[in-house]
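Only one structure is covered here, and it is reproduced in the block below.
The values are calculated or read from the model by the stated rules, or taken from the named source; none is laboratory data. Just so it is clear, the model here is predicted, and its values are computed rather than measured. Note: ideal-geometry Cβ built from the backbone for every residue, glycine included; neighbour counts use all protein chains shown.
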């Protein structure tokens, strides 16, 4: 079986978790894609940690407002019913558990629920930004990642080696091969995505995986 | 010499401390009178701990707004340039040292700068309200009190007996007989108010009083 | 933006169970949700813990009262966490006779403790109350040689909030000095019921002036005219 | 209401001394006071400590930069206390080569530490950063069996703030996502300089919508058109 990285698969699966009205913070990059696949009838309310709720789509070309950007500095819009606030209020919302979920990118994630995504010492240190608060505060933390890195190594580990963004906070890891719940020190495989198989996942992932008794194949194509 | 209680004397003297633009919080009761005696050319900006700046005078009869009251629940007005905020911001302003001065009433005050004004155990317990934060946060704390209680006892003590509102926070005690700075464990007499004399104050006050070398008579009539 | 349920005051107070910690906005009654308070009084739920700035105003001579005072009069609170009770002789009587457990908290500390709970913080490090009875039994934490009292975050079960306007998603603005503790309490409870003088459509409130973001609000009640 | 001095950006930045801790509002440059930053760059004051959400955007290919990036490029900061530096390769280079002492702080912790300083609190008890490098060297405080990191209050000498409108007494409102850290930093410095897109008369701002009360502001500068 050949692995083909597929961000859309990840975004599609995470999007199905949400119910109408959930307030969610989507990290920059891959997590942002989740917003594109929210099911019919479900409206997500997006919180942007730089200071507003009701994050809307990018504006039409020429309609950009330099004073209205997302946490990545890109021009966005605000929906009716959104509102602005300062950074203390923004993180009161985040840290205080008022956000249903956050979706964050991954450098490493391990079976204890540890996440590393802000620093490769001596190499790349973007900083944690709001990620540490998001992992600690959001009710459900999704780690969104391709299953393998560019060198073919599993991004799911027994134990993170990089400096942690948060200790034991990840609830679900969603990759382009399957959906894993972090539980009791293992990745519990809940779904495997067509065309991958349970055996393929067990063979290629260097971590303790428990296959859930209700584990099933899901087609996200 | 006969003592005649005189609230106006106290208010007049305290009012002379302020310079134009000082942000001040005046406690309910006697301290509120201070606002009436601010010198010509000096505008005090009054903070009201229930949530606004720019406290103005009581409205004309019939013009009261039940949604605009002071910290004693009495109808007031707001001046142009005032603004509303919540109680956390109100006390950030107070505790954070952004208030030039507060003027507070007194049950007892002592030569260490301790103030008791919120509780007589078993008898009267109104609660501290904002007084504990005001004493700790305001740059200058004025204790405003008649020099003697109804029984003729000195309100200035060597050591407070009642539960404290704040420990060692009072800067000045202003009574209707004189002005005292609290310093190095004593009341330093800076001014005595006509018709009282230094000797009268030393004789009638049961506390350590140091007469300042520049101590002078002041006529506040 | 998703709408929050608009319910009657009578329906709303059914969300309050005996023994709950109830936060009630208002300062000496100004900015208190009077319709919710009246409905709660009628329903009769007891053994509540009140978290409020004060116990509002009660004049025993005239019988006049405002804010939470009717609930105090009917002894619906077994505990009151407040900063001031000087304007309600009835709660003072209840305290002195051991009927109600009154816990006095400095006003700024009360505000920060509530905010801390809403913000996911463990507590507050404040200089307020050092060297007073307020310090009794509390941890003192030193930061760079300066002492602070550790005051714990204060969470509630249900917040009863009074807004000037709420839009149907729950965004709120307040009215003058009626703001006080309302926005803080809206952050610190699982169930947050807003009694709004006016309920407006989503999009009618300027996003720059919203004080309480909709995320905190769970139910909306039309205030009494 | 008493007026605050309205000064030019060049006059204003004379208030910043070598070695000062300077807080600068803005998030990736959005909501940063660009006139004050340009004046500070021109004046050349160095050895500053930057307290800011991030080091703004810098594209080494095009030379495009915004926010505090021009000051980073001229190495005016010996210390940078920020949550994010991923959009400025120059500060990453300075950090890696030991030229600038970059102290990364989680964004919510940074916001609360600044607010705590402004509010007279000793610090913040937060769960954020527990079990990570952020915990190193810090006190862990347990409250009712739950662990929190003690993060100290963070004060500055001078705050450079960008407002949409300021009235002449210093009351401020902000512009959309340009609000971010500005209102917090305005609370936490001895000198607070507001660069306002528009300066209006006292009384023109609705007292219900003011975000930063005038009490915090010491100087006002007319922003660049």
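Name the single residue that is nearest to residue D:2 (Cα to Cα) among those in segment D:164-190 being surrounded by 24 or more Cβ atoms within 10 Å (Cβ to Cβ) and away from chain A (no Cβ under 14 Å). That would be D:169.
On the given criteria, is residue D:8 within 30 Å of residue A:48 (Cα to Cα), touching a residue at least 60 places away in the same chain (Cβ under 8 Å) and surrounded by fewer than 24 Cβ atoms within 10 Å (Cβ to Cβ)? Reasoning before the result, please.
Details: within 30 Å of residue A:48 (Cα to Cα): no; touching a residue at least 60 places away in the same chain (Cβ under 8 Å): yes; surrounded by fewer than 24 Cβ atoms within 10 Å (Cβ to Cβ): yes.
No; evaluated as a whole, the condition is false for this residue.
Quick check: is even one residue across segment C:126-141 assigned to a strand (DSSP E or B), without any contact (Cβ under 8 Å) to a residue 60 or more places away in the chain and at the interface with chain B (Cβ under 10 Å from one of its Cβ atoms)?
Keep residues of segment C:126-141 that are assigned to a strand (DSSP E or B), which gives C:126, C:140-141.
Subsequent filtering for residues that are without any contact (Cβ under 8 Å) to a residue 60 or more places away in the chain retains C:126, C:140-141.
The next check asks that each one be at the interface with chain B (Cβ under 10 Å from one of its Cβ atoms); those that pass are C:126.
Yes, segment C:126-141 contains a residue that is assigned to a strand (DSSP E or B), without any contact (Cβ under 8 Å) to a residue 60 or more places away in the chain and at the interface with chain B (Cβ under 10 Å from one of its Cβ atoms).
Within segment A:43-67, the set of residues being touching a helix residue (DSSP H, G or I) at 6+ places or on another chain (Cβ under 9 Å), modelled with pLDDT of 95 or more and surrounded by fewer than 20 Cβ atoms within 10 Å (Cβ to Cβ) comprises A:65, A:66, A:67.
Within segment B:194-206, does at least one residue satisfy the condition of being touching a helix residue (DSSP H, G or I) at 6+ places or on another chain (Cβ under 6 Å), in contact (Cβ under 8 Å) with a residue 24 or more places away in the chain and away from chain C (no Cβ under 14 Å)? No - not one qualifying residue is present in segment B:194-206. Out of all the residues in segment C:61-68, is one or more within 20 Å of residue C:177 (Cβ to Cβ), surrounded by 24 or more Cβ atoms within 10 Å (Cβ to Cβ), in contact with a helix residue (DSSP H, G or I) (Cβ under 8 Å, 6 or more places away or on another chain) and more than 12 Å from every other protein chain (Cβ to nearest Cβ)? Within segment C:61-68 (the criterion being within 20 Å of residue C:177 (Cβ to Cβ), surrounded by 24 or more Cβ atoms within 10 Å (Cβ to Cβ), in contact with a helix residue (DSSP H, G or I) (Cβ under 8 Å, 6 or more places away or on another chain) and more than 12 Å from every other protein chain (Cβ to nearest Cβ)), the answer is yes, since at least one residue qualifies. At least 3 residues being under 25 Å from residue B:118 (Cβ atoms) and either within 14 Å of chain D (Cβ to nearest Cβ) or under 18 Å from the mean Cα position of the chain (by Cα) (or both) is the threshold, and among the strands (runs of 3 or more DSSP E) wholly inside segment B:1-90 those reaching it are B:23-26, B:45-48, B:52-56. Within the set A:25, A:36, A:70, the sole residue that is surrounded by fewer than 19 Cβ atoms within 10 Å (Cβ to Cβ) and either more than 30 Å from residue D:185 (Cα to Cα) or in contact (Cβ under 8 Å) with a residue 40 or more places away in the chain (or both) turns out to be A:36. A single member of C:71, C:40 is surrounded by 24 or more Cβ atoms within 10 Å (Cβ to Cβ), away from chain B (no Cβ under 14 Å) and in contact (Cβ under 8 Å) with a residue 60 or more places away in the chain, and it is C:40. If you go through segment A:111-142 and keep only what is surrounded by 24 or more Cβ atoms within 10 Å (Cβ to Cβ), away from chain D (no Cβ under 12 Å) and out of contact with any helix residue (DSSP H, G or I) (no Cβ under 9 Å at 6 or more places or on another chain), you end up with just A:111.
Count, please, the residues in segment C:47-60 that happen to be more than 13 Å from the chain's Cα centre (by Cα) and within 14 Å of another protein chain (Cβ to nearest Cβ). Write out each step before concluding.
The first filter runs over segment C:47-60 and keeps only residues more than 13 Å from the chain's Cα centre (by Cα), leaving C:47, C:57-60.
Imposing the further condition that a residue be within 14 Å of another protein chain (Cβ to nearest Cβ) reduces the set to C:57-59.
Of the residues in that region, 3 qualify.
All conditions in (1) within 29 Å of residue C:115 (Cβ to Cβ); (2) free of Cβ contacts under 8 Å to residues at least 40 places away in the same chain; (3) in contact with a strand residue (DSSP E or B) (Cβ under 9 Å, 6 or more places away or on another chain) hold for residue A:98, with the sole exception of (2).
Looking only at segment C:98-117, count how many residues are in a loop (DSSP other than H, G, I, E, B) and either facing chain B (nearest Cβ under 7 Å) or surrounded by fewer than 24 Cβ atoms within 10 Å (Cβ to Cβ) (or both). Count: 4. Against the conditions (1) at pLDDT below 95; (2) closer than 19 Å to residue A:7 by Cβ, residue A:120 satisfies every one except (2). Applying the condition of being more than 8 Å from chain B (Cβ to nearest Cβ) and closer than 22 Å to residue C:207 by Cα to segment D:210-222 and asking which residue is surrounded by the most Cβ atoms within 10 Å (Cβ to Cβ) yields D:212.
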